[in-house]
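For reference, the structure discussed in these notes is given below.
The values are calculated or read from the model by the stated rules, or taken from the named source; none is laboratory data. In this text, all values refer to a predicted model and were calculated from it rather than measured experimentally. Heads up, the Cβs are rebuilt from the backbone with ideal geometry, glycines too, and the neighbour counts pull from every protein chain shown. When the accessible area is computed, the model is the full protein with side chains, heavy atoms only, and any ligands, DNA or RNA have been set aside. Shrake-Rupley method; radii C 1.70, N 1.55, O 1.52, S 1.80 Å.
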Amino acid sequence: MASTAALTTSSLLRRSRALRGHVFPKPLPNPSSINLARPPPALLRPRRFMCRNAASGNEEAAAKAAAKIADTGAPTIFDKIIAKEIPSTIVYEDDKVLAFRDVNPQAPVHILVIPKMRDGLTQLGKAKPRHAEVLGHLLFAAKLVAEKEGIVDGFRVVINNGPEACQSVYHLHLHVLGGRQLKWPPG
Ligand code: 5GP
């Protein structure tokens, strides 16, 4: 076993992050050393299905579990928020949509915009022609929310669709994120 003295700063960092549940992939090879005819396995391995959340560390499992009951018609937490059975901080509301602050914000501004009537829209991938109007309404509401929050010049709208995108609530929702420099590509 390696002695503590033999551990490098990066290996110590890797260990401490692994203990805290962070995804900390091994460094990729130097690009100039890659033989493009035979790329190393690490470059061929798909890095999909790695949905992690710093808060829970278990976003992927939660997303898979949620997907299993997505189309049962069971109410979601958002039905309770619409019915005001559980509290939320509402920032915008009209007859078709509700916008409220995410309970686990990923940016200084993180608001969810949802249709009040789910009408089969558990996720964007289930959209039918009849949903075109409400989809447009949701997008316009996202812009109104960005204006209200003072981030209209720099914000991001995200829709996670399905377990591979770590969707955890099966009632269509737009995430409106801003208030800090957002990175690209997203995780
Ligand atoms: P998804 O992962 O499905 O794209 O996003 C669902 C979002 O709903 C998450 O960002 C999560 O933090 C948020 N969320 C889950 N439960 C509640 C809640 O009870 N209240 C609020 N305000 N947000 C919630």
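Listed cross-link partners LYS64/LYS126; LYS80/LYS116; LYS68/LYS183 are compared with a 22 Å cut-off, the Cα-Cα value being larger for LYS68/LYS183.
Using a probe of 1.4 Å on the protein chains alone, the accessible area found for ILE69 is around 100 Å². Sorted from greatest to least, the principal axis extents spanned by the alpha carbons of the range 97-179 come out as 33, 26, 17 Å.
What part of the accessible area of the range 89-159, given as a whole %, is carbon or sulfur when the probe is 1.4 angstrom?
57
For the range 57-111, GluC sites (Glu not before Pro) meeting the loop criterion (DSSP other than H, G, I, E, B) and having at most 15 other Cβ atoms within 10 Å: GLU85. Extent of the range 136-187 along its three principal axes (Cα atoms, max minus min coordinate, largest first): 32, 27, 14 Å.
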